[in-house]
Amino acid sequence: QKLDASTFKEKDFLYAQQHLRIISTLYGILRPLDAIKAYRLMFSLKVPDLGTKDLYQFWQPIITKALIDDIVADDGILINLASEEIFKSIDIPKHLKIIHIKFKEHRNDSYKSIQIYSKQYRGNIARYIVKSRINRPEDIQQFNQDGYKFNKQLSTLDKYIFTR
């Protein structure tokens, strides 16, 4: 919802189609303009007829190969906006650069991830990346919305943390 693709212009869709990937428990890996039917399905679901322990095990080699191909064909960097649950379905080799994006709230003298806000702002930052045509990962650090700002002290080269 926070991606708000209904407001995208044609050039936004073209950029998103080229750079954005969506991981699906039913369809595997999708591009923004792929047609799907609504569904609700968890990766932890055990489907005996698949011959694997669960959907993580079924999709991991397929999703991983597709993402690696896209990473290598693009700029060699994956900006991970997936939840931790979804990211478990991926096994990207260490030689490829991944930058994980996290959102944390200041609560009781520490920073904590609040699932509902993290989910919303992963959509917001995806929108920011598409609308801004981000090509350099460090440009993502300029994201500043609803009090969330890049926190240099908590961040590392492979983990960008935004706090409020």
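Structure notes:
- Residue match in segment 45-58 (condition: closer than 29 Å to F150 by Cα and either charged (D, E, K, R) or modelled with pLDDT under 90 (or both)): no
- Complete set of residues in segment 142-164 that are of a type outside the set (K, R), outside any strand (DSSP E or B) and closer than 18 Å to Y111 by Cα: D146, G147, N151, Q153, L154, S155
- Subset of segment 40-89 that is touching a residue at least 60 places away in the same chain (Cβ under 8 Å) and within 13 Å of T25 (Cβ to Cβ) - its residue that is least open to solvent (accessible area, probe 1.4 Å): S89
- Top-ranked residue in segment 135-152 [being without any contact (Cβ under 8 Å) to a residue 40 or more places away in the chain and of a type in the set (A, V, I, L, M, F, W, C); ranked as surrounded by the fewest Cβ atoms within 10 Å (Cβ to Cβ)]: F150
- Residues within segment 100-134 that are of a type in the set (D, E, K, R) and part of a strand (DSSP E or B), tallied: 5
- Segment 90-99 - residue that is charged (D, E, K, R) and assigned to a loop (DSSP other than H, G, I, E, B) and, of those, least open to solvent (accessible area, probe 1.4 Å): D91
- For segment 41-48, the criterion of being of a type in the set (F, W, Y) and more than 16 Å from F87 (Cβ to Cβ) is met by none of the residues.
- Matching residues in segment 61-89 - criterion: being over 25 Å from S44 (Cα atoms) and either hydroxyl-bearing (S, T, Y) or part of a loop (DSSP other than H, G, I, E, B) (or both): D74, D75, G76
- Residue pairs whose Cβ atoms lie under 8 Å apart, separated by 6 or more positions or on different chains, with the first residue in segment 18-36 and on the phi > 0 side of the Ramachandran plot and the second aliphatic (A, V, I, L, M) and not in a strand (DSSP E or B), are G28/I62; G28/I63; G28/A66.
- On the stretch given as segment 108-119, residues that are open to solvent by 60 Å² or more (accessible area, probe 1.4 Å) and either among the small types (G, A, S) or within 16 Å of the chain's Cα centre (by Cα) (or both) total 5.
The values are calculated or read from the model by the stated rules, or taken from the named source; none is laboratory data. Quick caveat, the model's predicted, so the values are computed rather than measured. Reconstructed Cβ throughout: ideal geometry from the backbone, glycine too, with neighbour counts over all protein chains shown. Side chains included, ligands, DNA and RNA excluded: accessible areas come from the protein's heavy atoms. Shrake-Rupley method; radii C 1.70, N 1.55, O 1.52, S 1.80 Å.
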